[in-house]
Amino acid sequence: KLYTFPTAGRFLSQFGVVPVNIPYEDAEVAVQTGELDGMAWSGITEDYTVGWADVTNYFCTNNISGAWIGSFFVNAEKWAELPDHLKQIVNSAVEASHTYRNQWYWGGEARLRASGEKLELTSVPQDEWKVVEEAAVKFWDEMAEEGETAAKIVQIFRDYNDVISKAGPPYTFG
């Protein structure tokens, strides 16, 4: 039983995972009480930050999402009402966050994977993980059929994965 986001739960259920939907703030206690077996939600930095590293033993390095997501959303009507100088401030903050995210990822994720003391790193062997990756291609095909917006998002994932695959390590397992 894993605490995960809905799309991941839908995908992982084909492998016998039982996705559990509970309030975020209840996940740590749910692991302690046995309601959950773990989480498929975050990177290792979040695990340490929110306390999940205190109630779990392992961090699986295989990535199920296929892309790094950093999104900002605005109400289009309210955005249109905002004066240009305030729009510029918001846009500057969004751009600055990319630098912060990069530092957080490499300074947090990499450091905790290399020297974190609470979680043991584990990975599904590549020959077994290939089955999951192949199933993901079929899953994203199904997701793309749900509508125009879904198709655009899936194409972004496909483009991202294509670039990452061509880039090789350290962006892929090899």
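To keep it simple, each residue is scored yes or no on (1) in contact with a Lys or Arg (Cβ under 8 Å, 6 or more places away or on another chain); (2) surrounded by 16 or more Cβ atoms within 10 Å (Cβ to Cβ); (3) without any contact (Cβ under 8 Å) to a residue 24 or more places away in the chain.
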position	(1), (2), (3)
Tyr3	no, yes, no
Phe15	no, no, no
Ile22	no, no, yes
Ala27	no, yes, no
Ala30	no, yes, no
Thr33	no, no, yes
Leu36	yes, yes, no
Trp41	no, yes, no
Thr49	no, no, yes
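Elements of the type helices (runs of 4 or more DSSP H) sitting completely within segment 91-174 and holding at least 3 residues that are of a type in the set (D, E, K, R), surrounded by 11 or more Cβ atoms within 10 Å (Cβ to Cβ) and in contact with a strand residue (DSSP E or B) (Cβ under 9 Å, 6 or more places away or on another chain): there are none.
Readers should treat all values here as calculations from the given coordinates under stated rules, not as data from a laboratory. Quick caveat, the model's predicted, so the values are computed rather than measured. Backbone-built Cβ (ideal geometry, glycine too); neighbour counts: all protein chains shown.
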